[in-house]
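Inspection log for the structure reproduced underneath, given as structure tokens.
The values are calculated or read from the model by the stated rules, or taken from the named source; none is laboratory data. Note that the structure is predicted; figures quoted are calculated from it, not measured. Using ideal geometry, Cβ is built from the backbone for each residue, glycine included, and neighbour counts are taken over all protein chains shown.
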Amino acid sequence: MKKLGLFLALAFVSFSLQANVPQNAHIRITGEGSINAEPDQVTFQLLVRAEKDTALAAKQTVDQRVNALLAELETFNIAERDVIAAQLLTQSRFEYGREGQRELAGYEASRSISVTLRELPRMSAFMDYALSVGIEEIQSIQMEVRDHAELEMAALNLAIEAAKIQGHAIAEQFGTQLGSVYSVDVSSGSTRGQYGGVERVLVSGSRMQDSVGQYLQENMEIKAVVHVVFNLE
């Protein structure tokens, strides 16, 4: 009974795969296209956090640091639309005493902020400033391109053209002609090169060291892949 069930399952899978291609003569082609681009903006994910004896004191400390950061964003030509500040969160902190009892140790407040900087040469200066006003952590640095959608379309056009060229060449080698398109499956994505050349940025309390980090722009490759089934004439 189990063997029969397995046979029926395999038969169904085989039928499903065959249903995705025409019954007449056809050819399946994969075309790839890619565009190399240099990033022209960067998005930082920042974390502000404070621990105090009361929830109010922790919140006020976080508010002060966030306000100090926001007050100078115009200096870096950062528009309001390029800043996303999450809601402030507060929570109790507990510690365990020598006898294992749970004791209230204070309160923690935190807030996440996303900031997009459109002037890459000022990237290091912005991080220095953010840390100097009490930003606890730079959680991530995401290099981006503004016209990503246009570059994706350009990569897709290259992939389509590559599929057509391959299809015509293979059909000609077999003495036939490429016909109409039966089906198309498209996938796209971005890959990034190594993000390197970084000197450590040291923080002591809320003061930055005099050393300034140097950051090399990473290369971005925007890729598109098309899987095409052509009819043959």
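In region 49-63, what count of residues is obtained for those that are assigned to a helix (DSSP H, G or I) and farther than 15 Å from Val133 by Cα? Spell out how you get there, then give the answer.
So the first thing to find is which residues in region 49-63 are assigned to a helix (DSSP H, G or I), and the list is 55-63.
Now narrow it down to the ones that are farther than 15 Å from Val133 by Cα: 55-59.
Qualifying residue count, region 49-63: 5.
Pairing residues of region 94-109 that are touching a residue at least 60 places away in the same chain (Cβ under 8 Å) with residues that are in a strand (DSSP E or B) and surrounded by 10 or more Cβ atoms within 10 Å (Cβ to Cβ), at Cβ distances under 6 Å and at least 6 apart in sequence or on separate chains, gives Ala109/Ala50; Ala109/Thr90. Can you tell me which residue is surrounded by the most Cβ atoms within 10 Å (Cβ to Cβ) among those in region 44-90 that are among the charged types (D, E, K, R) and in contact (Cβ under 8 Å) with a residue 40 or more places away in the chain? If we take residues in region 44-90 being among the charged types (D, E, K, R) and in contact (Cβ under 8 Å) with a residue 40 or more places away in the chain, then Arg65 is surrounded by the most Cβ atoms within 10 Å (Cβ to Cβ).
Only one of Ala85, Ala109 is of a type in the set (A, V, I, L, M), at pLDDT below 90 and within 14 Å of Leu47 (Cβ to Cβ). Can you tell me which? Going through Ala85, Ala109 in turn, just one is of a type in the set (A, V, I, L, M), at pLDDT below 90 and within 14 Å of Leu47 (Cβ to Cβ): Ala85.
Every condition in (1) in a strand (DSSP E or B); (2) within 30 Å of Ala162 (Cα to Cα); (3) modelled with pLDDT under 90 holds for Ile35 except the one numbered (3).
Scanning region 68-96 for residues that are over 16 Å from Val48 (Cα atoms) and among the polar types (S, T, N, Q) returns Thr75, Asn77, Ser92. When region 91-133 is examined, which residues are found to be surrounded by 14 or more Cβ atoms within 10 Å (Cβ to Cβ) and in a helix (DSSP H, G or I)? Leu120, Arg122, Met123, Ser124, Ala125, Phe126, Met127, Asp128, Tyr129, Ala130, Leu131, Ser132, listed by residue number.
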